[in-house]
Every structure is written in structure tokens, then in C-alpha cells.
Amino acid sequence: MKKIAIIGANGFLGKKLMDFFQNKAEVIGAGINPKKGIIKLDATDKKAVDDFLKKERPDLVVDTVALTSSFACEKDPELAERLNYLTAKNISEACKERGAIFTFISSSYLFDGIKGNYNEEDETSPINEYARTKIMAEKEISKNPNSIILRVDIMYGYNGIGQGNGVFDQILSGNEIKLRDSSQVRQPLFVEDVPRILYELIKKNQRGIFHLAGPERMKHPDLLRSLESLVRDKSRITIEESQTAAPLKIPKNATFDTHKITNLGIKFTPFSKGLEIIAKQLPLRQ
């Protein structure tokens, strides 16, 4: 690969992708809010996407554009479709026309979370608007044989103060965190694993759907408290079980079977090791 385009380059994962690939190829970053070194691109605009790929001619395009908040998706399903489906459709079609490899970042939320340990062959079963729109995108992308879909569980990591830090930003804000559900099981994925695994898949000439998740399973509050312990001693996380009549539907156990990845000889970073790496990247404790 000589040239790689990261669309959504200002985001949590986008920054890690930019950092990882900059020493392996020419990297072009694009996003709706351009910053230094990032090209402005509205991926809902098909012509803009076509023009971008025609001009830059990348060998690989990674799409991290998404409305990831399940609450926001429920509130505005039309916006969710535009950001989760239309953007992916536009980029995938442009990549297919240009012969570029297309990589799409999907989610573990595509499953209802009843049985857990889902593999790539399991039928998706959406229970909220976020999942519905991501499945729409995957169906569209499946028309492109030169594509890779990475379904990821919750990612954790650190980009720096004032940068996108994913779930860690809830903690770094210093605000109290009130959790509505203490029972959800996750497999936290070290964000720096994603670009490395993508690189390995491309080197191995792999295409299709792959499940990415960390090797440990834990309750969501335990994940947050482990991250919180890196920056302060006194916890600001509380559990307030939802009493609303129609709470947001989220999968209770959308854990992944990751054997398709590990059978390729690719490993995931253990959670303890990921915490060690973040601890070295962080400034002083709060």
C-alpha cells in the first residue's frame, strides 16, 4: 500500500489509525471538522466523496464515521441513517469504482445480547436504531468484495489531553458518572490493536467480516473503574438502575467469539497490559 485515506481522522480511533499508518504509507486524513493536516469532507455528500477519492487515489480507505451514541440514534433515526448508513454507502461505492480496499468499523451492538459469544456467522439481531443503521451499512458494504468489516467491542485508550479519548473522556472530565445498568458484559478492546490488526489482515490478503474484542470479559462498571484507577483514588462512578418506562435497549451480553482472528495468528492486548501502556502515556494523577 502506497497511500491510505482515513475518513473520520479526528476521532478516537481515527487518530490512532493516522499515527499507526504514517510510517507505513502516505496517509491522508479527512473529516467533517478539518484541523491541521485534515481535509474537510462531508461523507454524506456522494459527489464530495467521489471527488476526494478521484483526487487522492488511495489504495486503502478506512471509514470511522458514525453516530455512535445509542441515545442520539434513538432520538433522531434519520440522522443515524445519514451518518451510519449513507456515509458508508457513499464511501464503499466510491472505493469499488476506484479499486481501493474499503474498511468499515462496525459494532458488537448488532446483536441482541441474549446468548453472547457471537461469531461472524451468527445472524444479526438489532434492538435499537444504532444497530439497525449499522446493519444497513454492512448489507450495502457486502456488495463490495474488496471490503473488510471490523466489528469492535468497546474500545479504550488514550490520545492526549483535549483529544478524543473514547470512553476514557467520561473519566477525564472529572464529572460524576451515573450508570443506568450495572449488568452489561463487555470485552474491552485496546484501541491501538485495531490499526495493527487491520494491517495484519491486509498483509494476509483477508476480506470479509471480523470480530475484534479484548481477551477478558467484565461488567461495564468494572471497566470504567479500572480506567478511573489510573487517574484518581476516589471513585466518582455510581450505579443508578433505570426506572424509566421505556429505557434504551442495549445488548446485555454482546460478547464475541474472536477465533477467526486468533486462528490467523493475530493476538489481542490483555486488559492489564493495555492499562499499563495508558498509565505511561498519562500526565499526573488527578
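Numbers for the structure displayed
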{"item": "In sequence order, calculated HN-Hα J values of segment 150-166 (Karplus, 6.51, -1.76, 1.60; Hz; x Gly/Pro)", "result": "9, 8, 10, 7, 4, 9, 10, x, 8, 9, x, 4, x, 9, x, 10, x"}
{"item": "Under Karplus coefficients 6.51, -1.76 and 1.60, residue-wise ³J(HN,Hα) of segment 3-19 in Hz, glycine/proline x", "result": "9, 10, 10, 10, 9, x, 5, 7, x, 4, 6, x, 5, 5, 5, 4, 5"}
{"item": "GluC sites (Glu not before Pro) within segment 102-195, DSSP loop, no more than 15 other Cβ atoms inside 10 Å", "result": "E121, E123, E176"}
{"item": "Residues of type lysines that K47 reaches as a straight line, Cα spacing below 16 Å, ignoring anything fewer than 8 places off in the same chain", "result": "K55, K89, K96"}
{"item": "Contact order normalised by residue count of the chain, Cα under 8 Å, 6+ apart, percent", "result": "18"}
{"item": "Per-residue [θ]222 nm for the chain (sum of -39500 (n - 2.57) over DSSP H runs n ≥ 4, rounded to 500)", "result": "-9500 deg cm²/dmol"}
{"item": "Percent RCO, i.e. relative contact order, over segment 151-244, from Cα pairs under 8 Å lying at least 6 residues apart", "result": "41"}
{"item": "Cβ-based charge dipole, the chain, positive-most Cα from Q187, I266, Y118", "result": "I266"}
{"item": "Förster-model FRET efficiency, 30 Å R0, Q281 and I237, C-beta, rounded to 0.05", "result": "0.90"}
{"item": "Fewest-first sequence of D19, D233, D257, D153 by Cβ atoms within 10 Å of each Cβ", "result": "D233, D19, D257, D153"}
{"item": "Relative contact order %, segment 1-108, counting alpha carbon pairs below 8 Å whose residues are six or more apart", "result": "28"}
{"item": "Selected from G160, G11, G113 as most flexible by GNM, with the chain as the system and alpha-carbon contacts under 10 Å", "result": "G160"}
{"item": "In order through segment 261-274: 3J(HN,Hα) via Karplus (6.51 cos²θ - 1.76 cosθ + 1.60), integer Hz, x for Gly, Pro", "result": "6, 5, 5, 8, x, 9, 10, 9, 6, x, 4, 4, 5, x"}
{"item": "Computed E for N175/N263 - FRET, C-beta separation, R0 45 angstrom, nearest 0.05", "result": "0.60"}
{"item": "DSSP-defined beta bridges in segment 142-286 - what % are antiparallel, rounded to 5", "result": "15"}
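The numbers here are math on the coordinates, done by the rules we state, and not lab data. Remember, predicted model here, so these are calculated numbers, not experimental data. Note that we place each Cβ from the backbone using ideal geometry, even for glycine, and neighbour counts take in every protein chain shown.
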